[in-house]
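A short worksheet on the structure shown next.
None of the figures in this text is laboratory data; all of them are computed from the coordinates on show. These numbers were taken from a predicted model, which means no experiment stands behind them. In this analysis, Cβ positions are derived from the backbone assuming ideal geometry, glycine residues included, and neighbour counts consider all displayed protein chains.
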Amino acid sequence: MTLELVCPAGTPSALRAAVEAGADAVYCGFRDETNARNFPGLNFSAEELHEGIRFAHRHGVRVLVAINTFMRAGIADAAADPWKIALACAEDAGADAVILADLAVLDHAATHHPGLRLHLSVQAAAATPEAIGFYAEAFGVKRVVLPRVLSVEEIAVLNQAIAVETEAFVFGGLCPMTEGRCALSSYATGRSPNLDGVCSPPEHVDYAQAPEGTTARLAGFAIDRFAPTQLAGYPTLCKGSFVAGGKTSHLFEDPVSLNAAGLVARLAKAGVTALKIEGRQRGKGYVAEVVRTFRAVVEAVETGRDPVEAERRLSSLVEGGRQTSGAYRKQWR
Amino acid sequence: MNRIGLTLGPLLFNWSAERLRGFYEGVARHSAFDRVHLGEVVCGKRMPFSDRVWPELIGMLEDAGKEVVLSTLALPATPRERRSVLEICRDGHLVEINDLTGLPVRTGLPFVVGPLVNVYSEGAARFLAARGAQTICMPVELSLASIGAIAAACRDVEIEVFAFGRLPLALSSRCYHARLHGLHKDSCQFVCERDPDGIDVETLEGQPFLAANGIQTLSHGVHAFCPTPAEAAAARIRRLRLSPHSTDMVIAGDIYRAVLDGVTTPAQALARLRELRLPGELVDGYARGAAGCSPAAP
C-alpha cells in the first residue's frame, strides 16, 4: 500500500517547499480565472510553471495543474480562450496531469491534448459510480477528486464500483456545500467559484468596529460578529453566523477546518490512491510544516505504527484551531 | 416565430401528498403552463411519500394537455436514490437530469438538463446536445448575455431560463433543516415539511438573506426575470421556468404568459407579481450580470 501525498502550491516558493518537505505530487494553477484559487498574489505564469515542473521532476515529484473553473460563454476568439491557452501551456510545460471540472474544458482536452492525463476536479462533483464512469468513458479521466459528500464507508463501496483512481481531501479549508454547485458567493457579491475562481472575494469584505465588537460583512451582509477580545475571522459566507427559526447559529458550518489525519488508515483501506491537502492560499512555511507532518502520518500508517504524535502536531496547524472530519463521518450530515 | 414556452419547474420543497394533489389539480385545470415537471429533486428521503402521488398526477396533467417531464435527484447518494434516477431515466417520459448520474443510460434519448447541471458555455451545451439534450435550463448564475451567446451557438437546443422563484444556490450532503433542529440527516423527522417555501435565513442584523430547504440553500429573494417578447427572442430564449412556491402559481403563470405574449409590459408584470404573497422581495441581478441579490426594478 502506497499513498500519494498531493500538496498545494499557490506560489513557486510554496511549490519548492512542498517538494522539499516530502510531497509525492504538487498541484497549482495559472494566474487567471481558469483555476478555483484565483486570488491576488497567487498562482503561476507559464514560465513559472515550466520552472516549477523542472524543479519538481528533478526531485521525482509530479505536478498537477488545476484548470478547474467553468469556461465562460461568448469567447469569440478561440485563440484567446484562457481555458484553451491554459491546457496548451500545461501540456507544453510537461504537467503530469491537469485537474478539470467543466464538460467543455474536458471535451477540448480529450480532443486536442490526447497526451495529457486528466483528473476530475472536486468541482465536477462526481459522487456516483455512474457519473464517474461517464467521465472515464467520455474523456478518459484517470482519477477523480472525491466530492466532500461521502463517508469513508461510502468511499470504500464506490472504489469497488469504479475503474479510476480516487483522491480524497484530508486537510485544510472545507466547503460544507458540494463544491462546483454553490452560487452563494455570486448571489451576494456577483463573483463565484465557478465563474471567477473566487469565493467571498476580499474586495467585498468589510470589518466594522464598534465598542461591542467587530462585525464582518460581505457585500454589506453581516456574516459574523466577534467580541472585542476575539480575533475577527474572514467572512466566508458558508461559515457565517445567521438567524433562522428564531435561533442564531453557524447554520451551515462552524468556522472549522478539515483534519482527517486520524482517518488516513481507513481511507487507504477504502481504496483511496491519493491524499490531498488544501491550501494554495497559504504561505510556504505552513505548507512545508503540514506536508512534512502528513508525510510522517502516511509513513506511520504504512508501517503499521500509530500516527498519534503527528496527528497532534497537525491539530495545532488547523486554521482557527478548530477541526472536523467533515462528511467522512456520517454524523456530520 | 414560435411562441415562447412556459415551464413549471419541479417543486423543491417538502409538501404533503394532499397539498401536492390540490396544487397540481389547479395547475392542470387553469394554468398557462404548457410543460410541468414532477418528481423529487432535493432529498431522497422524501421520495417514499411523494412517489405514491406522482403516477396519478402525471395522468391528470397529461389529460389536461400538459407535457410532463420527470425530474430526478440533484445529489443521488444511496443505492436506492441512484436506482431511482436510473429507473426514471429509462422511462418513456421526457426526463430532467440534475446530475450526470443519469446521463449514460439516457444518452441518445431526449432529455432536459436542469439548472443544477453546470452548463456555462457553448462547448458544454453542444456536448450535452450531442447526447440528446433537447432543453437546457441555464444555471441561475448566468447573465442574459452569456445565455444569448450559448443559445446562438446551439440552435438545435431549446434554451430555458429560470425566471421565477427563490434561486437554488447550493447543495450539501448536510441537512440544514435537521441541523437547525439539533437533529442529524438520518433521523431528521422530516422537519422541512413545516416550511413550504424553505426556512428564512437572516443575517445577525435582521437582513433577509437566504433560505434553507433540507440539503439545499436558496436565495431569500424571489428572482423575477420578465423579458419583453423582443428581448427573449434576441437572446433566443425558447422557454421560461417558474419554480413552484406556496403563492398562487396559476396567477404567476398568467402574469408571465401575458408578458411573453406582449399583452403587458415587464414593469406591469413585476407590479402584478409584487401583489402576490411572495416569500421574499423580487431580485433579478443575475440576468443583468450583477450580484444575484440585486433588487428588481421598482
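Some notes on this structure:
- Backbone geometry of the stretch B:264-279 corresponds, through the Karplus equation with coefficients 6.51, -1.76 and 1.60 at θ = phi - 60°, to 3J(HN,Hα) couplings of 10, 8, x, 5, 5, 4, 4, 4, 5, 4, 5, 6, 6, 7, 9, x Hz, x marking Gly and Pro.
- Hits among lysines - C-alpha to C-alpha of A:Lys269 under 22 Å, sequence gap 8 or more where chains match: A:Lys142, A:Lys330
- Each residue of the stretch A:113-123 was assigned a 3J(HN,Hα) from its phi angle through the Karplus curve 6.51 cos²θ - 1.76 cosθ + 1.60 (θ = phi - 60°); the sequence is 10, x, x, 7, 7, 10, 10, 8, 5, 4, 5 Hz, with glycine and proline shown as x.
- For A:Gly213, no residue has an amide H sitting under 5 Å from its own, ignoring neighbours fewer than 5 places away on the same chain, with H placed 1.01 Å from N.
- Low-density loop cleavage sites - trypsin sites (Lys or Arg not before Pro) in the stretch B:82-163, where at most 12 other Cβ are within 10 Å (DSSP): B:Arg90, B:Arg155
- For chain A, pairs of C-alpha atoms spaced more than 28 angstrom apart make up 41 percent of the total.
- Trypsin sites (Lys or Arg not before Pro) restricted to DSSP loop in the stretch B:247-283 with at most 13 other C-beta within 10 Å: B:Arg277
- Between A:Arg305, A:Arg191, A:Arg72, the residue with the greatest mean-square fluctuation in the GNM of chain A (Cα pairs under 10 Å linked by springs) is A:Arg305.
- Taking amide H as placed 1.01 Å from N in the peptide plane, the amide H of B:Leu167 sits under 5 Å from that of B:Ser219, B:His223, each at least 5 places away or on another chain.
- Overall form of the stretch A:184-249 per C-alpha gyration tensor (a/c, 1.5; a/b vs b/c): oblate
- In this simple spin-label approximation, B:Glu275 and A:Glu51 carry label points 7 Å from Cα along the Cα→Cβ vector, and these lie 6.8 nm apart.
- For chain A, the relative contact order comes to 20 percent (Cα pairs under 8 Å, sequence separation of at least 6).
- Largest first, the three principal axis extents of the alpha carbons in the protein assembly as shown are 70, 58, 42 Å in whole numbers.
- Ratio of Rg to Rh over the stretch B:131-241 (Cα coordinates, Kirkwood Rh, two decimals): 1.09
- Cα shape, the stretch B:5-288, gyration tensor, a/c 1.5 rule: rounded
- DSSP bridge pairs, the protein assembly as shown: antiparallel proportion in percent, nearest 5: 35 percent
- Segment B:Ala152-B:Phe190, extension gain: residue separation times 0.36 nm, minus the distance between their alpha carbons: 9.3 nm
- Model label points for A:Ser13 and A:Arg312, set 7 angstrom from Cα along the Cα-to-Cβ axis, are 3.2 nm apart.
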